[in-house]
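Heads up: the structure comes next, in structure tokens.
The values are calculated or read from the model by the stated rules, or taken from the named source; none is laboratory data. Fair warning: this is a prediction, and the values are worked out from it, not measured in the lab. Note that we place each Cβ from the backbone using ideal geometry, even for glycine, and neighbour counts take in every protein chain shown.
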Amino acid sequence: MYFDLSKPQQLFADSVRDFCNREFSAERVRELMETESAIDDRLWQEFADQGWLGLQTDEQYEGLGLGTVDLAVLAEEFGRACVPGPWLVNTWGITLLEAIGGSTATASLPELIEGTSKISVCGSEDDTSWKLCPETLETRVENGKLNGHKQLVQHAGQAGSLLLPAVVEGELGLVHISTDADGVSVEKTPGIDATRTLYRVTFQNVAVTDDQILATGPAATDAWHTTLETMAVVVSAELLGLQEWMLAETVEYAKTRKQFDRTIGSFQAVQHKCAEILQLTESARAAVWYAAWAVQEQTADAAQAVSVAKAYTSDAARTAGNLAVQCHGGIGFTWEHDLHLYYKRAKANEFLFGDASFHRDLLGAAALA
């Protein structure tokens, strides 16, 4: 089967790539890494003006109403440029709010899509899995009070609100609260990828109203896991974009770097490494694009396609990064070269929305069902 982007999707990819080449040079990415938030407010508003903050969201909420394939195209190009900031987690929050549905959950979507507010999703605790169940969660709502903590929360310090899973009356619930609510503590923590900030968020007797509990029970579980499928595709597409940059950069370096009066690209060992990066990248492209299409069309094998894409790209991006570093030699380890920006982003993304082992377990369970 031959599968490729449509002409409008290819034009969209070209326009995003032109934008990223113009606005997100390696020097600009490094500048943003040194800031407290890794956010350029002007460019964030530009994202909103282009419709990229609500690309997949229904038009009734001021979104563009496009599909998962279009969202994957955008993520791929953002990965290629290692775009810093909260686009990924903000997209997660918007997608989750729309999946929950109802007037309360969707009320904040227009301002999020217009760029006047940001949202972060708090998914991780010390021992939780991406496949959440009440038994694994310590964060709870009891007697109208929220207590617990979340870790590895992207851009919580810059978000106006937080969306988090918590135990509500013995069931999984999804709670939406303001970051400036009494009892909410946000503490910045170190992370491998400096282009995205990480925080630990603690909740101590935070007052929660019924309206702030957006969903409970099966409705919460379905919304959470449906959204994880979409976001696994998005982060897989970003991993694909990272691999594309590493391939192009490595080949260019091999064509210009000389040893023993020969370019290193003339050595068979280097050629083999470049060829392997190419094979990993093209295989990842097939897996990602099919998964995006399967989710968009809601095919019977969509969940399996997503797990294949995320498992493969998680491993492939790490392997491609290793090979790229080896081809670059000593300079590949230095801060001055840009390769480490992509390697670190790939390593961080490897674990987002389930690593390769997590998704292989899902595939095994599906095969035995």
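See the values below:
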{"quantity": "The stretch 155-179: number of residues that are assigned to a loop (DSSP other than H, G, I, E, B) and either modelled with pLDDT of 95 or more or of a type in the set (A, V, I, L, M) (or both)", "calculated": "4"}
{"quantity": "Residues satisfying the stated conditions in the stretch 154-170, i.e. in contact with a strand residue (DSSP E or B) (Cβ under 9 Å, 6 or more places away or on another chain) and either loosely packed, with under 15 Cβ neighbours inside 10 Å or of a type in the set (Lys, Arg) (or both)", "calculated": "Glu169"}
{"quantity": "Residue match in the stretch 138-149 (condition: crowded, with 24+ Cβ neighbours inside 10 Å and not assigned by TED's automatic domain parsing to the domain that holds Asp18)", "calculated": "yes"}
{"quantity": "Failed condition for Ser129, given (1) modelled with pLDDT of 95 or more; (2) at negative phi", "calculated": "(1)"}
{"quantity": "Pair list, Cβ < 8 Å and 6+ apart or interchain, from the stretch 240-267 residues that are closer than 24 Å to Glu282 by Cβ and outside the structural domain of Glu350 (by TED's automatic domain parsing) to residues that are polar (S, T, N, Q) and crowded, with 18+ Cβ neighbours inside 10 Å", "calculated": "none"}
{"quantity": "Test: residue in the stretch 197-206 that is exposed (fewer than 15 other Cβ atoms within 10 Å of the Cβ), assigned to a strand (DSSP E or B), on the phi > 0 side of the Ramachandran plot and outside the structural domain of Arg28 (by TED's automatic domain parsing)", "calculated": "yes"}
{"quantity": "Within the stretch 1-44, considering residues that are of a type in the set (Gly, Ala, Ser) and assigned to a helix (DSSP H, G or I), the one nearest to the chain's Cα centre (by Cα)", "calculated": "Ala13"}
{"quantity": "Elements of type helices (runs of 4 or more DSSP H) contained in the stretch 301-369, each with 2 or more residues being crowded, with 19+ Cβ neighbours inside 10 Å and of a type in the set (S, T, N, Q)", "calculated": "302-328"}
{"quantity": "Count - residues of the stretch 192-203 that are over 20 Å from the mean Cα position of the chain (by Cα) and over 13 Å from Val141 (Cβ atoms)", "calculated": "1"}
{"quantity": "Some residue of the stretch 241-260 being among the polar types (S, T, N, Q), more than 30 Å from Leu137 (Cα to Cα) and modelled with pLDDT under 95", "calculated": "yes"}
{"quantity": "Residue in the stretch 216-229 that is surrounded by 19 or more Cβ atoms within 10 Å (Cβ to Cβ), acidic (Asp, Glu) and part of a loop (DSSP other than H, G, I, E, B) present", "calculated": "no"}
{"quantity": "Complete set of residues in the stretch 293-314 that are under 18 Å from Arg80 (Cα atoms) and over 16 Å from the mean Cα position of the chain (by Cα)", "calculated": "none"}
